[in-house]
Amino acid sequence: MTTTEKRRQKLRRLVNKANVDGILVTNFTNVTYLTGFSGDDSFLLVTRDKDILLSDPRYTEQLQEECPGLELAIRGPGVKMASFLAKVIRESKAKQLAIESLSMSVAMWNFLKETLSAIELAPTEGLVEQLREIKDKSEIVAIRGAVDIAQRAFSVIRASLRDGQPEKQVAHAIEQQIRWFGGSGCSFPPIVAVGPRAALPHAVPGDQEIGDSDFVLIDWGAQQNLYMSDLTRILVTGRISPKLERIYGVVLKAQQAAIEAVRPGAVMHDVDSAARNVIAEAGYGKRFGHSLGHGFGLEIHEGPRLAQNEYRPLKAGMVITIEPGIYLPGWGGVRIEDDLLVTRDGCEVLTTVPKELVDCVIG
Ligand code: ZN
Ligand code: ZN
């Protein structure tokens, strides 16, 4: 059985448990996960005894390459996807069909409700996403590759960073290096934020220049074989002020406390607290406004979320970021982000870019 067949088999079990005959997968990333098809505009119908990928003629060749053996239904030119979908669903003889309520448009829902009045459509949330939270071997290999490319790109950037370079140019160079090392691109537009700009957790690179402040925050990741990586480091291009030293020390301590708490069975809330408590005790509790981390894989943000309101346990095979930060408006921000694999007896930190403050000094 291929990896994607195994995934569809697992989905079929969840679908059976939900007391429906099948599921219509409309989230394109979920379709990719279940079939290996990397294009979009295509849907997957999984019933008790069949898997059918619905697509259009643009993709016929790519489909044969990426998912050989999968049953295809290719709509003809001039046939609307919605009516084609209704026809294939009717022919599948499913009586109750789960739909993905987070991705189906209201227009599609209304159309299918009207056209397939004899079929019960059951809105569901997160059936495929729940499978995607636990990475299989091939996914972990791809993520390791994406981490490796991101890290190689960073070491080149680090070595070539010069005062006077605008943030935008550094962001461009990161993307260029990622592609040079074989990545298909960035996993998200890199954040390059000099000094006070780093107080914005999602700063967009602008015209600020390296050297305008003592340090720069870089948050970047690579994509390779559809999978992603996500890291953040501070680089010190000026002097280490006592304030930077203090705040960096708190964030690093918080991150290390959280990493030590990561193991299967650990409650996500508690891992978030492990970091949050260190930051709060140092008096910066209000300056850490986001959650501690997130899962990633085919998407840069996917389940699980490491946050105060998440009481689920971590499981072996989850791949997550741990990224505490302290943000002080007018001064700047410090965030340190690493990628972790939850293993059977703890965790493996996949990212290895040095992060002691002395390691972050350029010069
Ligand atoms: Zn990041
Ligand atoms: Zn992140």
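The values are calculated or read from the model by the stated rules, or taken from the named source; none is laboratory data. The model shown is predicted, which means the values in this text are computed figures rather than measured ones. Positions of Cβ are generated from backbone atoms using ideal geometry, with glycine treated the same way; all protein chains shown enter the neighbour counts. Areas reflect the complete protein model, heavy atoms only, side chains present, ligands, DNA and RNA absent. Shrake-Rupley method; radii C 1.70, N 1.55, O 1.52, S 1.80 Å.
For segment 244-257, the set of residues classified as surrounded by 16 or more Cβ atoms within 10 Å (Cβ to Cβ), more than 15 Å from ligand 1 (Cβ to nearest atom) and in contact (Cβ under 8 Å) with a residue 60 or more places away in the chain consists of Leu244, Ile247, Tyr248, Val250, Leu252, Ala254, listed by residue number. The residue that is most open to solvent (accessible area, probe 1.4 Å), among those in segment 323-346 that are outside any loop (DSSP other than H, G, I, E, B), more than 28 Å from Pro313 (Cβ to Cβ) and of a type outside the set (A, V, I, L, M), is Tyr327.
Table: residues versus (1) open to solvent by 30 Å² or more (accessible area, probe 1.4 Å); (2) away from ligand 2 (no atom under 16 Å from the Cβ).
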{"residue": "Val236", "(1), (2)": "no, yes"}
{"residue": "Val271", "(1), (2)": "no, no"}
{"residue": "Arg287", "(1), (2)": "yes, yes"}
{"residue": "Ala307", "(1), (2)": "no, no"}
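Going by the conditions given, is Phe111 more than 16 Å from ligand 2 (Cβ to nearest atom) and either surrounded by fewer than 20 Cβ atoms within 10 Å (Cβ to Cβ) or at pLDDT below 95 (or both)? Yes.
Going by the structure shown, is Ser138 open to solvent by 50 Å² or more (accessible area, probe 1.4 Å) and hydroxyl-bearing (Ser, Thr, Tyr)? Spelling it out, Ser138 is indeed open to solvent by 50 Å² or more (accessible area, probe 1.4 Å) and hydroxyl-bearing (Ser, Thr, Tyr).
Just one of the listed residues (Val156, Val170) is surrounded by fewer than 18 Cβ atoms within 10 Å (Cβ to Cβ), out of contact with any Gly (no Cβ under 9 Å at 6 or more places or on another chain) and not assigned by TED's automatic domain parsing to the domain that holds Leu97, namely Val156. Could we say that Asp219 is of a type outside the set (S, T, N, Q) and in contact with a helix residue (DSSP H, G or I) (Cβ under 7 Å, 6 or more places away or on another chain) here? Criteria not met by Asp219. The residue that is farthest from ligand 1 (Cβ to nearest atom), counting only those in segment 294-316 that are over 24 Å from Ser184 (Cα atoms) and among the small types (Gly, Ala, Ser), is Ala316. Number of residues in segment 182-203 that are modelled with pLDDT of 95 or more, within 15 Å of ligand 1 (Cβ to nearest atom) and either hydrophobic (A, V, I, L, M, F, W, C) or open to solvent by 20 Å² or more (accessible area, probe 1.4 Å) (or both) equals 6. Gln151 meets the conditions (1) in a helix (DSSP H, G or I); (2) touching a Gly at 6+ places or on another chain (Cβ under 7 Å); (3) of a type in the set (S, T, N, Q) in every case but one. The failed one is (2).
Take the residues of segment 319-363 that are within 16 Å of ligand 1 (Cβ to nearest atom) and of a type in the set (Lys, Arg): which is nearest to Glu260 (Cα to Cα)? Filtering first and then ranking leaves Lys355. For Leu226, the conditions (1) within 30 Å of Ser138 (Cβ to Cβ); (2) within 15 Å of ligand 2 (Cβ to nearest atom); (3) out of contact with any helix residue (DSSP H, G or I) (no Cβ under 6 Å at 6 or more places or on another chain) all hold with the exception of (2).
Would you confirm whether any residue within segment 182-194 is more than 16 Å from ligand 2 (Cβ to nearest atom) and β-branched (Val, Ile, Thr)? Among the residues of segment 182-194, at least one is more than 16 Å from ligand 2 (Cβ to nearest atom) and β-branched (Val, Ile, Thr), which makes the answer yes. Looking at Ser241, Ser213, just one residue is over 30 Å from Arg179 (Cα atoms), surrounded by fewer than 24 Cβ atoms within 10 Å (Cβ to Cβ) and of a type in the set (S, T, N, Q), and that residue is Ser241.
Taking the criterion of being in contact with a Lys or Arg (Cβ under 8 Å, 6 or more places away or on another chain), within 13 Å of ligand 1 (Cβ to nearest atom) and among the acidic types (Asp, Glu), the only residue of segment 213-243 that qualifies is Asp219. Taken over segment 190-218, the residue count meeting the criterion of being of a type in the set (D, E, K, R) and either touching a Leu at 6+ places or on another chain (Cβ under 7 Å) or at positive phi (or both) is 1.
For segment 289-305, the candidate set comprises residues that are within 20 Å of Ala266 (Cα to Cα) and open to solvent by less than 10 Å² (accessible area, probe 1.4 Å); within that set, the residue that is farthest from ligand 2 (Cβ to nearest atom) is Pro304. With respect to the stated conditions, Glu337 fails to be in contact with a Gly (Cβ under 6 Å, 6 or more places away or on another chain) and among the charged types (D, E, K, R). Does Val278 satisfy the condition of being crowded, with 21+ Cβ neighbours inside 10 Å and away from ligand 2 (no atom under 15 Å from the Cβ)? For Val278, the condition - crowded, with 21+ Cβ neighbours inside 10 Å and away from ligand 2 (no atom under 15 Å from the Cβ) - is met.
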